Amino acid sequence: MTVKKTISLSGLALAALLASSATLACSAMGPKTHVGNITKIDREHHTLTIMDVESQQPITFSVDNKQLLSLNSSAGQVIVRYRDGDNGMLVATSIQ
C-alpha cells in the first residue's frame, strides 16, 4: 500500500471514530439524558434549548429558577437529565 493511500485510510478511520463517539454520547449517558450545546436560554419562559449531539436536533427543556441562575452563559456543552412533564414538556432535573 502506498503512503498516500495509508494516510487517506487513516484519515477516514479517524473521521469515523470521531463521528461515532459524538453519536453515542447521549445513549452512553443513560436513559432520560441528553448531551448538547446550549443554543438558547429563555429566562422569561424558563426554558433551555440545546442542540443534541446524537440527533443533531434542538431539544427544549423546562427549567426552574435555581437552574436558570446556574446557567450564566449561553454557550458550551451541557448534560441534561430530565423527566417527562405533565404537559408533554421535558423538565430538567439536573444540568451539568
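Could you tell me which of the residues VAL80, VAL91, VAL35 is in contact with a helix residue (DSSP H, G or I) (Cβ under 7 Å, 6 or more places away or on another chain), at pLDDT 95 or above, among the hydrophobic types (A, V, I, L, M, F, W, C) and part of a strand (DSSP E or B)? Testing whether each residue is in contact with a helix residue (DSSP H, G or I) (Cβ under 7 Å, 6 or more places away or on another chain), at pLDDT 95 or above, among the hydrophobic types (A, V, I, L, M, F, W, C) and part of a strand (DSSP E or B) leaves just VAL35. Residues in the stretch 73-92 that are under 16 Å from THR39 (Cβ atoms) and of a type outside the set (Val, Ile, Thr): SER73, SER74, ALA75, GLY76, GLN77, LEU90, ALA92. Looking only at the stretch 46-77, which residues are part of a strand (DSSP E or B), among the hydrophobic types (A, V, I, L, M, F, W, C) and either at pLDDT below 95 or under 17 Å from GLY30 (Cβ atoms) (or both)? Matches in the stretch 46-77: ILE50, ILE59, PHE61.
Candidates are the residues of the stretch 38-54 that are touching a residue at least 12 places away in the same chain (Cβ under 8 Å) and exposed (fewer than 14 other Cβ atoms within 10 Å of the Cβ); the one that is farthest from LEU69 (Cα to Cα) is LYS40.
The values are calculated or read from the model by the stated rules, or taken from the named source; none is laboratory data. What you see is a predicted model; the values in this text were computed from it and never measured. Cβ sites come from the backbone with ideal geometry, for glycine too, and all protein chains shown count toward neighbours.
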